[in-house]
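Step one of this worksheet: look at the structure below.
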2 protein chains.
Amino acid sequence: MLNSYSTADKVLLAVDCIIFGFDEDGLKILLIKRDFEPEKGKWSLMGGFLKKEEVLDDAAIRVLNTYTGLQDIYMEQLYTYSEIDRDPVERTVSVAYYALINIENHNAELIQNYHAKWFSVSEVPKLIFDHDNMLSHAIRRLRYRTSMRPVGFELLPEKFKMSQLLKLYESILDKQIDKRNFISKINSLDILIKLDEKDMTSSRKGSYLYTFDKEKYDAKLLNHFALNF
Amino acid sequence: MLNSYSTADKVLLAVDCIIFGFDEDGLKILLIKRDFEPEKGKWSLMGGFLKKEEVLDDAAIRVLNTYTGLQDIYMEQLYTYSEIDRDPVERTVSVAYYALINIENHNAELIQNYHAKWFSVSEVPKLIFDHDNMLSHAIRRLRYRTSMRPVGFELLPEKFKMSQLLKLYESILDKQIDKRNFISKINSLDILIKLDEKDMTSSRKGSYLYTFDKEKYDAKLLNHFALNF
DNA sequence: TCTTTAAATGTAATTTTAACACTTAATTAT
DNA sequence: ATAATTAAGTGTTAAAATTACATTTAAAGA
């Protein structure tokens with residue numbers, strides 16, 4: 001009988017977390033070296049099982065915290081993977097989540113203690129199970145999302161140079177963007193605040209720092225602003 | 001222990017199917033009247049449980065077939081819903097799928113026999129559980145998808161009038177579209193074949209029929225064509 | 001032959017995008 | 001002190017895409 005709750009099969013439900021970060025080397029992703037079987041010692045996404053009294057969004061937050069110490073990271077659901085043998089131990093369906101975070105803000109030490117490591121997305125090692133697939137799916141989603149609304153907020157430090165924002169976009173979209181066109185397009189969105197402060201570390205002239213104007217950003221989100229580079 | 005397969009909770013995993021159709025009244029959705037508890041007699045999406053040796057995509061196809069007789073409908077995964085009490089009987093996580101189908105091609109009789117019924121999306125009754133939420137999510141997705149690539153293929157009959165295609169777009173996007181701009185934009189995509197045949201049923205002058213050029217469409221899909229109305 | 005009805009068709013103004021290169025400010029080296 | 005170096009900063013123009021907008025056409029029915 002199709003709809004008998006009592007006879008229906010139950011399965012293990014897992015979550016896997018894809019965490020993007022950004023630094024001077026470009027776009028990065030956070031991985032852990034598995035300390036348990038199967039595939040012990042291999043690189044993997046942070047994953048774990050859903051609990052009976054837990055919502056998937058919360059499970060993703062909990063699992064990420066367990067493996068990295070990262071707190072209260074807001075993640076978006078990506079896709080649910082259900083290939084029969086995706087996990088060799090037992091049939092497990094996995095719901096992938098992804099998030100964008102600021103590497104600097106999120107204590108590198110803590111991540112060290114937990115054996116997590118940042119990898120450039122262009123140099124990701126072979127991952128366990130179907131995690132490669134999840135990752136490439138997440139990158140596609142991130143690219144799409146970037147074309148729908150600005151992404152800098154989550155990935156950049158509080159104060160950043162225009163050239164960092166440009167580099168972030170170039171990393172995500174994996175292409176060169178004309179500096180002048182980029183700046184005028186970003187400025188036309190009117191969501192950045194130019195500070196009086198300059199960053200003197202990377203050039204003789206120094207470069208102005210910016211912050212996001214969260215209020216204006218939120219106001220515009222409702223209107224679905226789009227960027228097309 | 002976080003990663004012990006043996007002690008992890010297992011949950012019921014369901015699929016729910018959101019089927020869109022289109023006819024002279026506009027955009028429609030297929031619902032069934034539940035013939036089992038709970039919520040017997042209420043309108044609902046077609047849903048059922050995942051089997052142990054089954055992939056989610058296949059489960060969605062099977063469940064849809066069981067309730068409607070529809071065969072081999074390709075569905076896309078939408079989102080996974082996991083609120084604790086979303087199903088009052090037992091904790092059930094549900095993966096929603098959606099598809100676009102041609103109402104005429106899919107035998108109304110068969111659907112009758114199975115107690116399924118088409119509803120205009122603007123006149124959908126209250127649905128069980130969180131199915132309203134799934135539906136509104138699916139409509140959002142359909143709108144987005146429509147702005148990314150043409151949708152007519154799946155929803156229209158083999159041969160159709162330009163005015164039907166226009167109406168389809170207006171139904172999905174829920175706004176008026178200028179006829180001349182629509183036609184020139186569609187034509188610029190170069191994926192329609194204008195037939196010599198005319199449909200004489202709706203006007204004295206008659207209107208030319210079109211079909212999709214599947215080859216050109218597939219070729220362009222690779223280039224991610226976008227429409228912006 | 002006049003009326004009716006939906007179908008079919010084109011242009012001009014505006015906005016957006018894309019391509020493109022030189023100047024500036026400050027430090028460092030001679 | 002002056003010349004060289006380096007990243008930062010800045011505008012214009014051409015092309016393409018989008019939007020707004022109104023009349024004519026083909027056939028049937030009165």
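The values are calculated or read from the model by the stated rules, or taken from the named source; none is laboratory data. Everything numeric here is computed off the predicted structure, so don't read it as measured data. Cβ atoms come from the backbone with ideal geometry, glycine included; neighbour counts cover every protein chain shown. Accessible surface is based on the protein model in full, side chains and every heavy atom, while ligands, DNA and RNA are left aside. Shrake-Rupley method; radii C 1.70, N 1.55, O 1.52, S 1.80 Å.
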For region B:86-122, give me each residue that is part of a strand (DSSP E or B) and in contact with a helix residue (DSSP H, G or I) (Cβ under 6 Å, 6 or more places away or on another chain). B:VAL95, B:ALA96, B:TYR97, B:TYR98, B:LEU100, B:ALA116
Test result for B:ASP72, away from chain A (no Cβ under 14 Å) and either in contact with a Lys or Arg (Cβ under 8 Å, 6 or more places away or on another chain) or not small (Gly, Ala, Ser) (or both): yes
Mind checking which pairs have a first residue in region B:39-51 that is at the interface with another protein chain (Cβ under 10 Å from one of its Cβ atoms) and a second that is part of a strand (DSSP E or B) and of a type in the set (Ser, Thr, Tyr), Cβ under 9 Å, 6 or more apart or different chains? B:GLY47/B:SER94; B:PHE49/B:THR92
Please determine, by comparing only the residues of region A:154-182 that are touching a strand residue (DSSP E or B) at 6+ places or on another chain (Cβ under 7 Å) and aliphatic (A, V, I, L, M), which one is farthest from A:ASP25 (Cα to Cα). A:MET162
Of everything in region B:155-188, what is more than 15 Å from DNA strand C (Cβ to nearest atom), assigned to a helix (DSSP H, G or I) and surrounded by fewer than 17 Cβ atoms within 10 Å (Cβ to Cβ)? Give them in sequence order. B:LEU173
I want to confirm something. Restricting to region B:1-38 and keeping residues that are within 11 Å of chain A (Cβ to nearest Cβ), surrounded by 14 or more Cβ atoms within 10 Å (Cβ to Cβ) and in contact (Cβ under 8 Å) with a residue 60 or more places away in the chain, which single residue is farthest from A:ALA14 (Cα to Cα)? B:ARG34
Could you please find all residues in region A:39-58 being assigned to a loop (DSSP other than H, G, I, E, B) and surrounded by fewer than 24 Cβ atoms within 10 Å (Cβ to Cβ)? A:GLU39, A:LYS40, A:GLY41, A:LYS42, A:LYS51, A:LYS52, A:GLU53, A:GLU54, A:VAL55
How many residues, within region A:88-119, are open to solvent by 10 Å² or more (accessible area, probe 1.4 Å) and either more than 15 Å from the chain's Cα centre (by Cα) or among the charged types (D, E, K, R) (or both)? 14
Top-ranked residue in region B:75-86 [being under 20 Å from A:LEU50 (Cβ atoms) and either charged (D, E, K, R) or more than 7 Å from chain A (Cβ to nearest Cβ) (or both); ranked as most open to solvent (accessible area, probe 1.4 Å)]: B:ASP85
Could you say whether any residue in region A:16-28 is under 30 Å from B:THR92 (Cβ atoms) and assigned to a loop (DSSP other than H, G, I, E, B)? no
Determine which member of the set A:LYS214, A:LYS220, A:LYS194 is away from DNA strand C (no atom under 11 Å from the Cβ), among the basic types (Lys, Arg) and modelled with pLDDT of 95 or more. A:LYS194
Could you please find all residues in region A:102-153 being of a type in the set (A, V, I, L, M, F, W, C) and free of Cβ contacts under 8 Å to residues at least 40 places away in the same chain? A:ALA108, A:ILE139
So B:ILE128 ticks every box in (1) at pLDDT below 95; (2) within 12 Å of B:LEU45 (Cα to Cα) but one. Which box is left unticked? (1)
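A quick yes/no check of all residues on (1) outside the structural domain of A:SER136 (by TED's automatic domain parsing); (2) farther than 26 Å from B:ASP9 by Cβ; (3) modelled with pLDDT under 85; (4) touching a Gly at 6+ places or on another chain (Cβ under 7 Å):
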| residue | (1), (2), (3), (4) |
| --- | --- |
| A:GLN71 | no, no, no, no |
| A:TYR74 | no, no, no, no |
| A:LEU78 | no, no, no, no |
| A:ASP85 | no, no, no, no |
| A:TYR98 | no, no, no, no |
| A:ILE101 | no, yes, no, yes |
| A:LEU110 | no, yes, yes, yes |
